[in-house]
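S.K.: I'd like to ask you about the structure that follows.
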Amino acid sequence: MKTIAFYSYKGGVGRSLAVSHVAFWLLRERKTVFLLDMDMEAPGLHYKLGQNNQKISPTKGLVDFIGYFQREDKSARSLLEYVMPLEFTENKMPFWLMPAGDPFASTYWKQLSMIEWKKFLYQDEMLGSLLFLELKALIEKEYEIHKVSALGGH
């Protein structure tokens, strides 16, 4: 699986828009696309993916996936409840979005505030880093991603 990451330490520079344009270009080329919105403090990639005035409303996403891991001390066995299946209207190509979560849900902000990033990523055997590797493996397995994936991040 190839991974393309869009990063900027500054917000409002068009990162989500660039991710969506690259995703649609890849879909036109009939590539397999899985998008992951890692901009947890300002989630909005789902706004850029609506086509023909279609509104995309996430219910769960990456923050919920991490929250489950922290509560249960194990990763979710499936991504089904965290990923939204979508279809590119131009050629009916399927693609998938794992949003950051539902930013309008109070539980989203509560879960996000409970993530201790330094501890999660750098202490306790770097369990957060291992979780992200497991997430990548789950994406490859469940969505049979073998070509190209677009990964949008913060």
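The values are calculated or read from the model by the stated rules, or taken from the named source; none is laboratory data. Predicted model only: the values in this text are computed from it and were never measured. Here the Cβ is made from the backbone with ideal geometry for all residues, glycine too, and neighbour counts use every protein chain on show. Ligands, DNA and RNA are excluded from the accessible area calculation, which covers all protein heavy atoms including side chains. Shrake-Rupley method; radii C 1.70, N 1.55, O 1.52, S 1.80 Å.
S.K.: As an exercise: evaluate Lys118 against (1) at pLDDT 95 or above; (2) exposed (fewer than 15 other Cβ atoms within 10 Å of the Cβ) and give the number of the one condition it does not meet.
M.R.: Condition (1) is where Lys118 drops out.
S.K.: Shifting gears a bit: Exactly one of (1) of a type in the set (Ser, Thr, Tyr); (2) closer than 22 Å to Lys141 by Cβ; (3) modelled with pLDDT of 95 or more is unmet by Ser75. Its number?
M.R.: The one condition Ser75 does not meet is (3).
S.K.: Could you please let me know if Ala5 is of a type in the set (A, V, I, L, M, F, W, C), over 26 Å from Lys141 (Cα atoms) and under 17 Å from the mean Cα position of the chain (by Cα)?
M.R.: no
S.K.: Do we have Tyr47 as assigned to a helix (DSSP H, G or I) and either without any contact (Cβ under 8 Å) to a residue 40 or more places away in the chain or more than 23 Å from Met93 (Cβ to Cβ) (or both) here?
M.R.: Judged against the criteria, Tyr47 is a match.
S.K.: Now for a separate question. Does Leu97 satisfy the criteria of being modelled with pLDDT of 95 or more, under 18 Å from Val22 (Cα atoms) and open to solvent by less than 20 Å² (accessible area, probe 1.4 Å)?
M.R.: yes
S.K.: Among (1) outside any loop (DSSP other than H, G, I, E, B); (2) surrounded by 12 or more Cβ atoms within 10 Å (Cβ to Cβ), where does Met40 come up short?
M.R.: (1)
S.K.: Pairs only if they're at least six apart or on different chains, beta carbon under 7 angstrom, first in the range 104-124 and outside any helix (DSSP H, G or I), second β-branched (Val, Ile, Thr) and open to solvent by less than 80 Å² (accessible area, probe 1.4 Å); list them, first residue then second.
M.R.: Within 7 Å, the pairs are Ile115/Ile66.
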